[in-house]
Every structure is written in structure tokens, then in C-alpha cells.
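Down below is the structure, laid out as C-alpha cells.
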Amino acid sequence: MHELVLKGKFLFHGEVLEGSVGVDRGRIARISRLPLKGEETIELKSAIVLPGLIDTHVHLRDFRERKKETVESGTKSALHGGITAVFDMPNTNPPVMDSQTFEKRLKLFKGRAYADYALGFLLRDNCREAVKSGADFYKVFMGSSTGGIYSEHFESDYACSPGVLSVHAEDPEVIAKNPERPPEAESRAIKRALIIAESLKKPLNICHVSTREGILEILERSLPWVTFEVTPHHLFLTKKDYERNPLLKVYPPLRTEEHRRALWENISQVPIIASDHAPHTIEDKKNGSAGIPGLETEVALLLDAVNMGLMTLEDIAEKMHDGPVRAFGIIGREFEVGGEATFTIVDLKKEWTVKPEEFYTKSKWSPWEGRRLKGKVVMTLIRGRVVMEGDEIVGKPQGVRLNVQSR
Ligand SMILES: [Zn+2]
């Protein structure tokens, strides 16, 4: 008899199987094609169990920007969107650039986070503090973005990074001359980062790749220690959408159809899809802030894409679970006996309309407002506990820090 049994369809090693998952003390105790007995049983009907999805690129603000987002609102938003763990970006106000601020950030998350989390540290000539911080990952901006702090010594910052380095690759010189950030700003920075990566042979994760040249360059070099992210907004929106709606300003910017198509043509080789969730108030957006919220729409958009035949359910698990686990060395999240019973449960047939006023993020707008999507996250479980069901967050904040190997 298990404490909990999930009965229905689940995605296991690339196949949708019908059966049961037995859960004891927060872990997967048994996976079986046959029925299992549980003190409690959740019958899933048409829904499908995926491994608990992870978003490796999230801006949760808080600190002095509680108006935009707090750890509470941001991690509730994550659970609502089917995201069981978030990677918190360190370009906060104040930025996480010294070990003391890192400690503050860690304290802030404890007892307040509804989803699990990994915390980042911003690198810029501050190696000693970086080592002292013991962060879960490190972030570097090659050119200026939100927060304005960027590295002028990318090579030495990368060389000293104590763990996986996530890089925002846009070239500062190109940006200075072309504030509209043309594709060359990205491709030039990616080329430079890859040349350095080739000699350093240290883990590098290139964020939000948005250009044809950028993705092709990464795939051509194919360095085993280099991973990269693509965002849903670069997959589903173009420059034309931005021209119609100035709120879609984002760094790197939305590109032309040619670039968008290049991302899709290479989708099978994209290791990570991440939202770059950037919650701004509508007022800040109208004043030109770059970034769009994405936690509550990303999985649904991908499910909609599955329904359109653009990708498979397995792709979602691969790019939002397996890819992040491999890139950052996350331990204990395997969808296997002994792994944590942390799941994202989706219904591919459920249709719904995006209504940002019903979202948990404080950023009450969405690029997809009013859009009808087919496919929805219906339930989220963390360590055997239902934490979101039918759009409602259930229970207290019980998120914990992810166990990241490189720490
Ligand atoms: Zn970002």
C-alpha cells in the first residue's frame, strides 16, 4: 500500500504509458503498468503525468522591487504554469553580486517559495565573492540589459566562475551603435563566447538564443560543455508582433520570421526552453522596460504546439526537465524509482483562453492575452503533495533549494 498512487497516463522514457505511479515519503516508490493500491489515489482521466518541469531563467525581483514581483507571487505563478523549480536571476535591485546579498536572497526564499529554486550570482570582476557565495549558478551579461550591469572582462569572469555560467550574449559595441540590437549583436557575442568556451572547456549556458546565426554557430561547434536556451516568445512571436504591440519589447528583441523559423528548424537540438519571465508593471512597460512575463503561459504554449504537430510531448519533457537536469547537474529529479515525486500534469485536450488578470504573477498582462490555447497544466505536485490543482495553489510554501551538483 502506497501513501499516494497516481493512476492514468504518464510519459516514461519517451513513451506515454498507461499505469500507476506509487509514491511514499515524497519519492517515487514504484512505476507499474498494473494498478497499485494507495491510501489516496488520484485518477487522472485524460491528463498525462510529466516529470516536474524546471525553468532555468526567471526574474523574480523582490528586494526593492516587490511591486513588480515577490518570491511568493513569482513562485505561485510558477506552480500555476506547471513549473516546479525556478532558476532565480541575480540582476535584482540590489543585485546579487556579493556573498552577503546572496545570503539575504537565500533567507528570502526560505519559507516563502512555493516552487523549488536555484539561486544565481552575478559575475563582474568579483570572483572571490562568487566563490564565497556558493551559488547554484552564475550569470554574466556580455552587454547591457535590465539592471545595466555588464561584464567588461567576460573571459576572466567566465574563467573564474565556480559553477555553470549562464550568459546573456549581446555585444556591447554593437548595442552602443545600434540601440535596436540587430541580430549581429547576438551572433557576434555568441561567436566570441564560443571561442573562449573552446579554450576554457568549462560549462556555459547561452541564454535566450534568438538568431539564425547564433543557433547555427552553437550547433556547428557543438562543444559538449556548452548548452543553450530558447524562449517561447522567440519561438512564437516576431518583430511584426512587436511593431503592432510596443509592450513586446524584450532583450534580445523579437526577430524576423527567418530567425524564428531557424529556431524551429533546429528545435530537436535545442537542449533547454526557458521563459526569461520578466515581470514588469504595465506602467513600467509603457515607459520602455524590456521583458515579458512567461511562467504561466510557457508550458501551455508548448502543449498547443504539440497539438499543432510542431513538437512532441517528449520534447517538452526533454527541454524543460532532462535538459536543465543535465546542464546544471540537478540531483534527485529523475522520473524513476527513488526520484522525487515531483510532477507536472497536463491535459492536451483542454482548451482555455489566456486571461492575465487571473494569473498569480503581479505582472497582469501577457503577450498572449485573449489567445485561445489547446493544452493546459491541470495539476502540479512537489514531493508527493498536490501544490496546484485547477488553477488554485494548494497549501503553504514548501519549495526547497535544488540540489545542484556544481555547488
Ligand atoms: Zn533574463
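Just so you know, all these numbers are worked out from the coordinates, no wet-lab data involved. Please read these numbers as outputs of a predicted model, since none were measured by experiment. We place every Cβ from the backbone using ideal geometry, glycine too, and count neighbours over all the protein chains shown.
Can you tell me the 0 to 90 degree angle between the C-alpha axis of helix 212-221 and the longest principal axis of the chain, rounded to 10?
Helix 212-221 sits at roughly 80 degrees to that axis.
Would you list the P(r) distribution for the range 58-113, with all Cα-Cα distances sorted into 5 Å bins from 0 and each bin expressed as a whole %?
Computed distribution, short to long bins: 4, 20, 33, 27, 12, 4, 1.
Name the residues whose placed amide hydrogens come within less than 5 Å of the amide hydrogen of residue 57, ignoring near sequence neighbours (fewer than 5 apart) on the same chain.
Long-range HN contacts for residue 57: 87, 275, 276.
Given labels modelled 7 Å from the Cα in the Cβ direction, how far is it in nm from residue 266 to residue 198?
Rounded to a tenth, the inter-label distance reads 1.6 nm.
Say each of residue 353 and residue 389 gets a label point 7 Å from the Cα, pointing the same way as Cα to Cβ; how far apart are those two points in nm?
If labels sit at residue 353 and residue 389, their model points lie 2.8 nm apart.
Just order 241-252, 70-81, 208-219 by mean Cβ neighbour count inside 10 Å, highest at the front, would you?
In descending order of packing, they fall as 70-81, 208-219, 241-252.
What relative contact order, as a whole-number percentage, does the range 53-328 give when Cα pairs under 8 Å and 6 or more residues apart are counted?
Relative contact order comes out at 18 percent.
Work out, step by step, the length gained on full extension between residue 128 and residue 219: first 0.36 nm times the residue separation, then minus their alpha carbon distance; give nm to one decimal.
Full-extension gain reported as 29.5 nm.
What list of ³J(HN,Hα) couplings, whole Hz, do you get for the range 33-43 from phi and the Karplus terms 6.51, -1.76, 1.60, once you set θ to phi - 60° and write x for glycine and proline?
Working through the residues one at a time gives 6, 8, x, 10, 9, x, 5, 10, 10, 9, 8 Hz.
Using only Cα atoms and rounding to the nearest 10 degrees, what angle (0 to 90) does helix 71-80 make with the longest principal axis of the chain?
It works out to around 60 degrees.
From the phi of every residue in the range 195-203, what ³J(HN,Hα) in whole Hz does the Karplus formula 6.51 cos²θ - 1.76 cosθ + 1.60 yield, where θ is phi - 60° and glycine or proline is x?
Running phi through 6.51 cos²θ - 1.76 cosθ + 1.60 with θ = phi - 60° gives 4, 5, 4, 4, 7, 7, 6, 10, x Hz.
Show the residues, 5+ positions off or on another chain, whose built amide H is closer than 5 Å to the amide H of residue 206.
167, 227, 228, 229
With θ taken as phi - 60° and the coefficients 6.51, -1.76 and 1.60, list the Karplus ³J(HN,Hα) couplings across the range 119-124 in order, rounded to whole Hz; mark glycine and proline as x.
So the J values, rounded to whole Hz, are 10, x, 9, 8, 9, 6.
Mind giving me the nanometre distance, one decimal, between the label points for residue 177 and residue 66, set 7 Å out from Cα along Cα→Cβ?
Computed distance between label sites residue 177 and residue 66 equals 4.6 nm.
What's the center-to-center distance, using Cα atoms, between the range 173-206 and the range 260-317 in Å?
The range 173-206 and the range 260-317 have Cα centres spaced 22 Å from each other.
Nearest 10 degrees is fine. How inclined is helix 298-307 to the longest principal axis of the chain, computing both from alpha carbons?
Result, in degrees: 70.
Let me have the 222 nm mean residue ellipticity of the chain computed from DSSP H runs of 4+ only, each contributing -39500 (n - 2.57), with the sum over all residues rounded to the nearest 500.
Per the formula, -7500 deg cm²/dmol.
What's the magnitude of the charge dipole for the range 53-328 around its Cα centre, counting Lys and Arg as +1 and Asp and Glu as -1 at the beta-carbon? Answer in Debye, nearest 20.
That gives a dipole near 660 debye.
State the answer as a single residue: which of 83, 247, 327 lies farthest towards the positive end of the charge dipole of the range 53-328, with beta carbon charges of +1 for Lys and Arg and -1 for Asp and Glu, about the Cα centre.
247
Hey, can you grab everything whose amide H is under 5 Å from the amide H of residue 2? Only 5+ residues off in sequence or another chain; H modelled, so Pro and N-termini drop out.
Distant-sequence amide H within range of residue 2: 37, 38, 39.
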